[in-house]
Structures are given as structure tokens and as C-alpha cells.
1. At least 1 residues that are without any contact (Cβ under 8 Å) to a residue 24 or more places away in the chain in each: list the helices (runs of 4 or more DSSP H) lying fully within region 123-216 that qualify.
2. Would it be correct to say that Phe9 is among the aromatic types (Phe, Trp, Tyr), modelled with pLDDT of 90 or more and crowded, with 18+ Cβ neighbours inside 10 Å?
3. From the residues in region 218-228 that are surrounded by 14 or more Cβ atoms within 10 Å (Cβ to Cβ) and part of a helix (DSSP H, G or I), which one is modelled with the lowest pLDDT?
4. Are any residues in region 133-147 of a type in the set (D, E, K, R) and closer than 12 Å to Lys176 by Cβ, and if so, which ones?
5. Under 7 Å between Cβ atoms, at least 6 apart or on separate chains: pull out the pairs that start in region 60-81 with a residue that is surrounded by fewer than 18 Cβ atoms within 10 Å (Cβ to Cβ) and end on any residue that is in a loop (DSSP other than H, G, I, E, B).
6. Test Lys73 against the criterion of being basic (Lys, Arg), over 22 Å from Asp113 (Cα atoms), under 20 Å from the mean Cα position of the chain (by Cα) and outside any loop (DSSP other than H, G, I, E, B), and give yes or no.
7. Only one residue in Ser93, Ser97 is small (Gly, Ala, Ser), at pLDDT below 95 and surrounded by 15 or more Cβ atoms within 10 Å (Cβ to Cβ). Which one?
8. In region 100-119, what residues are of a type in the set (Phe, Trp, Tyr) and at pLDDT below 95?
Amino acid sequence: MQDPKIDSFLSLCKEFKCHNFSLYLTGGTVRDFLLGKGLTDMDLVTNATPKEMESFLDNVDTTFSMYGYIKCKYQGNKFDITTLRKEKAYKDSRHPSKIKFVTSLKKDYKRRDFTINAMYLDESFKLYDYCSGKEDLENKVIRFIGKPSKRIKEDPLRILRALRFSLLLDFSIEKKSEEALIKNSFLLEKINKDKIKQEVRKLHDIDKNKVNKLFYKYSIHQYIDVLE
């Protein structure tokens, strides 16, 4: 039986199409869909800007529209919808200093963290994959898009995200990504401690010994205590 969230997505696609815009599933939603897992967050991208979406959608939260991102409640389901975009340098090690809206999936995917999180599905369930994300998913590999160290310096929280996905999915981390994680682990010191706690607490259902082993391997064991 198809997830009702998918049915709502398909209806929402028709709504966007009526206003001459496209809509795609992306990120962890596509990853979990391809893995046959239950869907929780519904991450979407579109060529419509937040202002354009506001003109035809109800129940829209535009708090973060400056980043091209809105929250929308549709048919009782919550959707996170982001306008396709390119990003400039991350001056605060967390957010891009500037964004530019684009209309191409090929330009949007380059700003994402891991290959397995950079795929797109349209309303016909056609897969758009520009960085071998499906192959990495099938091979159970965590791999950064582009240069791993650059991705980590943009947002050091990606260190914890890489380890979280490795633990939750039981995936290995490919060699260059692994080397970059070890080399740049000190960058987590720049991140707000509350943000780190939020990320680490997402591991509360994982065997504590597995978490300990992986965090020690990457010299970030000092952050495990939030799980106590």
C-alpha cells in the first residue's frame, strides 16, 4: 500500500503544475523511499520561489524564506519545500552567505552533502541522479559530493551527519570522505553546542557501544556524553 504522504505529494505536484511549476522529492525522502523505509520528513524542491508559492498555497510558514525554504501543510501532511538554488561561501560555518535561485536540478545537487541525499524523484517516479547516489545506496556507501574537506568546512555538522547515517543505515564511509572527517573533526568546536546535542541525540536508539566505537575512531568522543 502506498504511503499517504506520497499521494499528497502527487496531488501537490498537480497544484504546482497548474501554476507552471515543477516539484520533486529529494534528500532523505528519496533515499528512504528507494530503501523501502517508512517516510517521515517530506523534503521537496521546486523552481518556484517562496513568494510564488505563497501566491497559490495555503498554510505556509515563510520564516526561512530568505534561504528559499518554506514549510507547508497540505492534505494534513507537512512538507518542507526549497527553491532550487546555488550557494555562495559559508562564512559562519553553518549558512551560505548568499543564495541564487536556479531552475536546474544539475545546479542544485552540487550544494548537497552526500551522494545518497542528492537524488530527485518527479511525479512519475523518474529518478534524477547526477552523482551516482543510487549506486552508493546499493553499495551501502557514505560519500561526500565534490571535495569532502570543502563540504565539511562549509558546515562541520556534516561530520556528525556522516557518522549518524553510517550508524543508522549500517553503511561504510568511503576512504576520501573518511580521511576528511578525521582531518577536520576539530571544526566541530566552532559549532553551537546545542546544535551538536540535537544531532547526537538522534542516535539515542543506536547501540551505545557502536556509537562509542565510531566516535572514538574519529576523535569526537567528547560529544557522546549528551546521550547519557
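The values are calculated or read from the model by the stated rules, or taken from the named source; none is laboratory data. The shown structure was predicted, so the numbers you read here are calculated from the model rather than taken from an experiment. Cβ: placed from backbone, ideal geometry, glycine included. Neighbour counts: every protein chain shown.
1. Details: elements: 133-138, 148-154, 157-169, 175-183, 193-200.
Result: 133-138, 148-154, 175-183, 193-200.
2. Numbers: among the aromatic types (Phe, Trp, Tyr): yes; modelled with pLDDT of 90 or more: yes; crowded, with 18+ Cβ neighbours inside 10 Å: yes.
For Phe9, the condition - among the aromatic types (Phe, Trp, Tyr), modelled with pLDDT of 90 or more and crowded, with 18+ Cβ neighbours inside 10 Å - is met.
3. Applying the first criterion (surrounded by 14 or more Cβ atoms within 10 Å (Cβ to Cβ)) to region 218-228 yields 218, 220-221, 223-224, 226-227.
Subset that is part of a helix (DSSP H, G or I): 221, 223-224, 226-227.
Details: His221: 82, Tyr223: 78, Ile224: 71, Val226: 55, Leu227: 50.
Looking at the filtered set, the residue picked out is Leu227.
4. Going through region 133-147, the residues of a type in the set (D, E, K, R) turn out to be 134-136, 138, 140, 143, 147.
Result: Arg143, Lys147.
5. Sorted first by the residue in region 60-81, then by its partner, the pairs are Lys73/Asn59; Lys78/Met42.
6. Values: basic (Lys, Arg): yes; over 22 Å from Asp113 (Cα atoms): yes; under 20 Å from the mean Cα position of the chain (by Cα): yes; outside any loop (DSSP other than H, G, I, E, B): yes.
Yes.
7. Working: Ser97 fails: surrounded by 15 or more Cβ atoms within 10 Å (Cβ to Cβ).
Among Ser93, Ser97, only Ser93 is small (Gly, Ala, Ser), at pLDDT below 95 and surrounded by 15 or more Cβ atoms within 10 Å (Cβ to Cβ).
8. Quick first cut of region 100-119, residues of a type in the set (Phe, Trp, Tyr) only: 101, 109, 114.
Residue satisfying the conditions is Phe101 alone.
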